[in-house]
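The values are calculated or read from the model by the stated rules, or taken from the named source; none is laboratory data. Predicted model, so just to flag it, every value in this text is computed and none were measured. Here Cβ is always computed from backbone atoms with ideal geometry, including for glycine, and neighbour counts include all displayed protein chains. These accessible areas exclude ligands, DNA and RNA; they are computed on the full protein's heavy atoms, side chains included. Shrake-Rupley method; radii C 1.70, N 1.55, O 1.52, S 1.80 Å.
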Amino acid sequence: MSSFTRRARPVTLAGLAIAGIVLAGCSGGGGAADSSGPVTLTWFSGAGVEANTTTMEALAKAFHEKNPDITIKVDASGPSGSPDIDNTIKTKLATGSMPDMFWYNSGSLLSALNPDQTMLDISGESFVKNLDPGFVKSVSTDKGVFGVPTQSAGGGGIFYNIPIYEKLGLEVPKTWDEFMSNAQKIKDAGYDAVEMTFGDAWTSQIVTLADFYNVYESDPDWGTKWTENKVNFADDPVAQKSFTKLQDLYDGGFLNQDFASAKLDDGLKAIATGTAANYPMLGFAQATIVSNYPDNAGDVGFFGVPGDSADAAGMTVWMPSAVYAPKNTPHPEQVKKFMAFVASSEGCDVITKAIGVTGAYVVKGCTLPSDAPKIVADMLPYFDAGKTAPALEFLSPVKGPNLASITVEVGSGIRSGADGAKAYDEDSAKAAQQLGLPGW
């Protein structure tokens, strides 16, 4: 089933597997709501992802224009990468110092925030019914619903530079062996075959995380078994490849020379302007390419991380991040009013105008323009063919917090892929035990 359309019509993903508040005499954390007079709500997030900040500012401005008594102040001063931003969010919630709203991931990382005790429950609000059920599941516990989507769902895989591929006569690879063959030809031609940006450590995880489609394709129950501690990465040959593929790239000498220090923006520039031929990345980042390199936006395509079978080639899908609120916000009604705006077709239109189309919206009634970017268009066949799987974090609450550190080590040749898989199993076991999951 496809969640996309080339014509503007409603798009959903139904059926997809799945710093203080600026007020006169008032600061963040606790207190009765002040519903008289203008109110300013602070929306906190991590720094480092330009498309996220652009989205926040556009939604804040559009909402204020419709609701002049409510101002949204964007505070993108948090740390730029995981686990630093994770720890900052946890600390602010635990100490009651979180501003009125915050931007954070959906999926497994949410459970680590102890949302039932720390976050505002919106399950009784009518706008929740406007959201795709798969997304709702990714921002819920058994006791509540906590967030609304701030962007669209999209694929994770590999951005590729179309002019380089055309110049060298390369086809989009459908197997890992084909990808490695392409990488060698690209390297021999004098280009960086694969761009890596470990200066933003979170980007080191993309190959491993986006490879999950291949694990899911081999066993659709893998996520459930992982939650129950019945499978792991080190002992499953297919799952272990999610780590050994990183080792393959390093061992082949395919990486850019500055991979250890390069950052996300460097990677997007390299893939857009043609100094690199491939860049593992999530689909949302195409918005930055469109914004910063508009003349090159059509030069970047997309494919899922290849597996062993060309016939089974597919794509891993991420649900979007969300806007949440702490339970102790002094202005719950104003926060909910803003969430309702975000979770509407008008909110989707604001996002599209701000950052372009990055995937499929998970809000009923939202539409995609007919001129979707090349990266998004390249995702369509995967949806049309049913060759998609949700990222593991949307199937299981078990996610070790140190994955980025482990994938940096594997991708830098410090440890083997097999050792990385084992280390991540051990890291995840500790996380599962902290969550009190049975079987761990």
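Key figures
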item	result
Accessible area expressed per residue, the range 171-257, with surrounding protein chains retained (probe 1.4 Å, Å²)	41 Å²
FRET efficiency estimate (nearest 0.05) - Cβ-Cβ, Trp440 to Ala310, R0 30 angstrom	0.20
Radius 15 Å from Cβ of Glu393, net charge of other residues (Lys, Arg +1; Asp, Glu -1)	-1
The chain: C-alpha gyration tensor shape, a/c 1.5 cut-off, then a/b vs b/c	prolate
Dipole of the chain, positive direction: furthest Cα of Trp222, Asn278, Leu41, with charges on the beta-carbon	Leu41
Segment Gln117-Ser370, extension gain: residue separation times 0.36 nm, minus the distance between their alpha carbons	86.8 nm
Average accessible surface area per residue within the range 42-126, 1.4 Å rolling probe, Å²	38 Å²
Simple Cβ-charge dipole of the chain, Lys/Arg +1 and Asp/Glu -1, about Cα centre, in debye nearest 20	960 debye
Cα-projected label distance for Asp251 with Asp188, points at 7 Å along beta-carbon direction, nm	2.0 nm
Cα centroid separation - the range 144-173 against the range 337-377, whole Å	17 Å
Carbon + sulfur, % of accessible area of the range 305-388 - ligands and nucleic acids excluded, 1.4 Å	49 percent
9 Å beta-carbon shell around Trp43, net charge (K/R +1, D/E -1)	-1
Of Lys187/Lys422; Lys245/Lys374; Lys263/Lys374, pairs whose Cα-Cα distance is over 29 Å	Lys187/Lys422
Gain in span if fully extended, Asp221 to Ala234, counting 0.36 nm per residue against the direct Cα distance	3.0 nm
Cross-link reach list, lysines versus Lys73, counting only Cα pairs under 18 Å and skipping chain neighbours closer than eight places	Lys61, Lys92, Lys336, Lys337
Sum of side-chain charges, Ala262 neighbourhood, beta-carbon under 15 Å (Lys, Arg +1; Asp, Glu -1)	-4
For the range 298-440: rounded, prolate or oblate by the Cα gyration tensor [a/c cutoff 1.5]	oblate
Whether the range 31-139 is rounded, prolate or oblate, judged on the alpha carbon gyration tensor where a/c under 1.5 counts as rounded	rounded
Inter-probe distance in nm under a simple model that places probes 7 Å from Cα toward Cβ, at Thr91 and Asp177	5.0 nm
Relative intensity, log₁₀ I(q)/I(0), of the range 104-262 from a Debye sum that treats every alpha carbon as a point, q = 0.13 Å⁻¹	-0.82
Calculated FRET value between Leu168 and Lys61, using beta carbons and R₀ = 45 Å, to 0.05	0.55
